[in-house]
C-alpha cells in the first residue's frame, strides 16, 4: 500500500516539475521577444533613415545599384519592398514589428500593401538564388557553362528521374531469362504429357462449335447456320453450313462469318467431312449425333450449341471451358463466377489467337481452340470428374449437373 501512495506522489511531483519547466520556457521566450522588439525600436530612433535602411531592402538589384538615376528609381518603385524579420520574434512582438514597418512605409510616401515580410530562412534562400544569378551574369558564358557542368544533373535513363533506362538492368534480364526458361520447361512437360496420351484415348474426344444467324423481328431468335466438329489433333470431322428454313433477318456476318450465299447451296457434303453448300438441318443433326455417340464433348458455351442442334449429351461427358471453375472469373464485387471469353482463354492457356479484332468467328478455329484449352487442364479436370463421380457414388452426371447450374447462371461468352 505504501508503494502505491509513493508512486502517486512521485507522479504528482513529476507533473508539477513539468508545469514549472513549461512556465519558465514561456517566460524566457516572452523576454526574448520583448528585447528584440525594443532593439527594433532603438534602431528606428535617431536619424530614422538609418533604421529604415536596415529594415527595408528594395526588391531587386536596380534599387540597390548606385547612381541615383531615373532608371534605378523606377525599378525601385516598381518592385515590392522586402522587410527582413529579426530572428526570435513571434506572436504579439512580430505583429508589432510588421505594424511599425508599414507605418514607416506610409510616412515615406510608399504603398504599405506592397511590403513583403521574409523570415530569416526565406531571406537566406532568396539571397542564395540571387547570388547565383548574379555570379552567372558577371562570369560570362564560359564560366556559366562550367557552372552548369559542375551542377549535378540526373543521368539519362535514371529510374529516379522517371525516364525509361537506355539499357536494361542485369537483374531484370536475369529474371526474364529465368521466367522464360520456367515457361519453356512447363510447356515441354505439358507437351510430353499430351504426347503420351494413347490413340485410343484421343479418339474419345471431339470438339464442337456452331455459328448462328438471327431470325424473327430484329433477328433476336438464334438459328443454326454452321456446324463444325474436330478431333483431338484438330482434324476436321465435320464442317458444313446448314440451310435455314426461316427468313433470316440478321446474318451477323461480322461475328458468325455467314453470308447469304452460304446457306442457299445444295444439301449434302463432299464425302470427306468437308462442306459443299449447305446441309439440311435434319441431316446435320443426324450426322452430329452419330459423331458424338460415346464421345467426350469439348467446347465453349456448349449449352447454346446443343440447344441450336436440338441435341443432348451426358453431362459427365461434357467438358465446357466456359463452365469450368478454374477458368471462370468472379463477378462484380466478388459475386457469382462468370465465364470468360474463349479468345482470352486461348491466348492465356494455349498461346492460340482466335477471334481477332474485326475478324469474323470461324467455328473450326473456335473448336480447335477449345480443344487446346481443355488439353491444358486435362489432367486436373479429369481428376475433378473422378472426384465428383466418387462422391456421388457413381453419379458423376448428377454432380456435374449441379455444378453447371451453380456456375453458369449467366450466358456463356463465346
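Going by how many other beta carbons lie within 10 Å of each one, how would you line up 253, 321, 227, 24, fewest first?
The most exposed by this proxy come first: 24, 253, 227, 321.
At a Förster radius of 45 Å, what calculated FRET efficiency corresponds to the Cβ-Cβ distance of residue 200 and residue 166, to the nearest 0.05?
That gives a FRET efficiency of 0.20.
Using 0.36 nm per residue and subtracting the Cα-Cα separation, the extra length available between residue 254 and residue 220 on full extension is 10.7 nm. Based on the reciprocal of the average 1/r between different C-alpha atoms, the Kirkwood radius for region 193-257 equals 13.7 Å. Put in order of Cβ neighbour count within 10 Å, fewest first, the listed residues 284, 210 become 284, 210. When only alpha carbons are used to place a centre, region 201-258 and region 283-314 end up 12 Å from one another. Please state, rounded to one decimal and in Å, the Kirkwood hydrodynamic radius that region 204-407 gives when every pair of distinct Cα atoms enters the mean of 1/r. Taking every pair of different Cα atoms in region 204-407, averaging 1/r and inverting gives 17.7 Å. Among 228, 34, a tally of other beta-carbon atoms within 10 Å of each Cβ gives an order, fewest to most, of 34, 228.
A crude spin-label estimate for the pair residue 8 and residue 264, with each label 7 Å from Cα along the Cβ direction, gives 10.6 nm. Taking the DSSP bridge list for region 204-407 and keeping only pairs wholly inside it, about 70 percent are antiparallel. The calculated FRET efficiency for residue 179 paired with residue 382, based on their beta-carbon distance and R0 = 30 Å, is about 0.55.
A short reminder: the numbers here are calculations on the coordinates, not readings from a lab. All values reported here derive from a predicted model rather than from experimental measurement. Note that we place each Cβ from the backbone using ideal geometry, even for glycine, and neighbour counts take in every protein chain shown.
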